[in-house]
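Structure first, then comments.
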Amino acid sequence: MATIKGMNLTLKIWRQKDANSKGKIETYKVKDISDHMSFLEMMDVLNEQLISENKEPVAFDHDCREGICGSCSLHINGEPHGPDRGVTTCQLHMRKFNSGDTIYIEPFRAKAFPVIKDLVVDRSAFDRIIQSGGFVSVNTSGNTQDANALPIPKADADKAFDAATCIGCGACVASCKNASAMLFVSAKVSQLSLLPQGQVEREERVLNMVSQMDDEGFGNCTNTGACEVECPKGISLENIARMNREFLKATIHKEE
Amino acid sequence: MSISAILKSSIAKKWLMALTGLFLCLFLVGHLLGNLQLFIGGWDGTVKFNEYAEFMSSNPIVQTVAWITKILIGVHVVLALLLVINNRSARSTNYKYNRPDKNAKFSSRTMGWMGTLLLVFIVVHLVNFWAPMHYDNEFPVQLNEAGNYYTADGIEQVNSYLQKVEGKQHVFINKVDMGLAMRDLAKVTKDFFSKTENGVTALLMMILYAIAMLAVAFHLSHGFASAFQSLGINHKKYNGMIKLAGMAFSFIVPFVFAAIPVYLYVTQA
Ligand code: HEM
Ligand code: SF4
Ligand code: FES
């Protein structure tokens, strides 16, 4: 068990009053941070300090604080969700930092993710992409069907489950030099197109979701793989390749 | 898909980028195999290379492929430009502190820059060799030690002399037109990289050509494997092979290309 050290940190945080204001980096100091704290707990300490000084606390997104909801974000020292791998910001421990460190904290940057306030960005572009095709038809007449009645190859089920772990946090967009949302969209497309329940809308889905993604102003994929490295859920580039195949098939097949 | 729909769609553009990119990789192999003849020294090498060059610039199939190559370079470049503009605008505000080196390779982050360098090189290279070969009516022609000219079909014409017909250089014997003269691209190329013939320009060109090939190496060390991913080919069983092939391709092809000017510069007075 590591000893609890009191870390003193310099924080360079993006402050922006609202969507229409120009923001800037402000410098703050926090003292005696325990290395058992999560990054967001460290932010809580800062905010209590700011409140006690009668200053506006820093706005940031969070909800579950257990790595499953996808609410938390933050671009920490040049990487979305910070320097650790396979974790969200709420699961990032302060033990990844050292006393005396300077930490840059900025909002996720993308034209499609406009800043609302400080570190909070509007990620509803993802919701609109889901609305455009991220659903399946279900039969509501009569008895509920047993999902397990449909045989699914183990390999497909595994891949669908892997894709389904995407929590829609947007770190893929934030890390991509092109602010591309392909990893997110491909995870959603893959998850549904791999399963029998997703076959009805299979072709429409990929076409609509990709077209919505393009309309939202996300960039294009250069296959740099930054998204895969930064994704807290380890979503694989394999999904983007699958989406590219699905897109071609659907484009060739569609009648108009 | 209509052209405007393709230009609007991110994935459609990626497909075209990958297809044109892989076609250009094939072109590089063909071009390199031809150029290897420049390593053959002496009169034999000159004759072999010139015959090859005449064949390439007169054969209708080769010429069609050459024009398709130029058009596809154009398509690749225009799409690259659209992608880069689109990608830049997708992040309207940049990070104050960013560490792209933590999650992506240098080669993958510099596709646009290396491509631009390549484009500049392609233009310079066409001006150096292709344009004179095709449009210069004073282009040097092959002449052997006995003072005989050759026709473009590679036949030595004894006691021949040169005369222009409709602006082009033809070989004549006793006022009889034997046909187009064989051009001496081998000599032009060798002189281009020769200290005595081209002075300091030879050195600068050798360096420029080597830098351009370094750009090819970077462009393809990401681009080759990336194209397969764009085309939807990502499979456990084949990924290793594709990566290996990409690494080998992006090292060997530009290295051998660059070795030609270096060899010509170093071995010639
Ligand atoms: C012989 C010359 C060239 C070859 C063999 C070549 C090959 C390739 C390949 C294989 C790719 C990967 C495609 C993919 O990721 O799907 C690529 C991408 C790219 N090429 Fe080229 N290329 C050449 C010339 C150029 C030139 C002249 C430019 C620009 C002026 C250029 C700009 C780009 C860019 C920007 C990309 C990345 C596109 C993206 O964001 O995905 N290339 N190239
Ligand atoms: S793919 Fe990964 S990084 Fe992107 S939204 Fe899903 S969980 Fe977040
Ligand atoms: S707050 Fe829910 S994933 Fe971080």
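The values are calculated or read from the model by the stated rules, or taken from the named source; none is laboratory data. Predicted, not measured: the structure shown is a model, and the values here were computed from it. Here the Cβ positions follow ideal geometry from the backbone for every residue, glycine too, while neighbour counts run over all protein chains shown.
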Residue match in region A:38-48 (condition: polar (S, T, N, Q), buried (at least 18 other Cβ atoms within 10 Å of the Cβ), touching a helix residue (DSSP H, G or I) at 6+ places or on another chain (Cβ under 9 Å) and assigned by TED's automatic domain parsing to the domain that holds residue A:98): yes
Which listed residue is in contact (Cβ under 8 Å) with a residue 24 or more places away in the chain, surrounded by fewer than 18 Cβ atoms within 10 Å (Cβ to Cβ) and outside the structural domain of residue B:260 (by TED's automatic domain parsing), from B:147, B:154: B:154
Leading residue by the ranking (surrounded by the fewest Cβ atoms within 10 Å (Cβ to Cβ)) among those in region A:69-102 that are within 9 Å of ligand 3 (Cβ to nearest atom) and among the hydroxyl-bearing types (Ser, Thr, Tyr): A:71
Output for region B:13-54, where each listed residue is more than 8 Å from ligand 1 (Cβ to nearest atom), within 14 Å of chain A (Cβ to nearest Cβ) and either touching a Phe, Trp or Tyr at 6+ places or on another chain (Cβ under 8 Å) or of a type in the set (D, E, K, R) (or both): B:13
Unmet requirement for residue A:237, which otherwise passes all of (1) in contact with a Ser or Thr (Cβ under 8 Å, 6 or more places away or on another chain); (2) over 27 Å from residue B:4 (Cβ atoms); (3) facing another protein chain (nearest Cβ under 7 Å): (1)
Single condition residue A:126 does not satisfy, out of (1) crowded, with 19+ Cβ neighbours inside 10 Å; (2) at pLDDT below 95: (2)
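Residues checked against (1) within 11 Å of ligand 2 (Cβ to nearest atom); (2) at pLDDT 85 or above:
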{"residue": "A:147", "(1), (2)": "no, no"}
{"residue": "A:161", "(1), (2)": "no, yes"}
{"residue": "A:170", "(1), (2)": "yes, yes"}
{"residue": "A:175", "(1), (2)": "yes, yes"}
Meets criteria (modelled with pLDDT of 95 or more, surrounded by fewer than 16 Cβ atoms within 10 Å (Cβ to Cβ), away from chain B (no Cβ under 14 Å) and under 21 Å from the mean Cα position of the chain (by Cα)) for residue A:66: yes
Pairs, first near ligand 2 (Cβ under 8 Å from one of its atoms) in region A:215-236, second in a loop (DSSP other than H, G, I, E, B) and of a type in the set (S, T, N, Q), C-beta under 6 Å, six or more apart: A:230/B:103; A:232/A:88; A:233/A:165
Residue among A:181, A:155, A:174 that alone is within 11 Å of chain B (Cβ to nearest Cβ), away from ligand 1 (no atom under 16 Å from the Cβ) and under 12 Å from the mean Cα position of the chain (by Cα): A:174
Residue in region A:142-156 that is within 27 Å of residue A:22 (Cβ to Cβ), part of a loop (DSSP other than H, G, I, E, B) and not acidic (Asp, Glu) present: no
Residues (outside any loop (DSSP other than H, G, I, E, B) and more than 16 Å from ligand 1 (Cβ to nearest atom)) located in region B:129-151: B:131, B:132, B:133, B:134, B:135, B:141, B:143, B:149, B:150, B:151
Residue count, region B:79-96 (criterion: facing another protein chain (nearest Cβ under 7 Å) and buried (at least 18 other Cβ atoms within 10 Å of the Cβ)): 6
Residue within region A:81-88 that is more than 22 Å from residue A:165 (Cα to Cα) and within 14 Å of chain B (Cβ to nearest Cβ) present: no
When residues of region A:216-245 are limited to those that are within 16 Å of ligand 3 (Cβ to nearest atom) and of a type in the set (A, V, I, L, M, F, W, C), the one farthest from residue A:110 (Cα to Cα): A:235
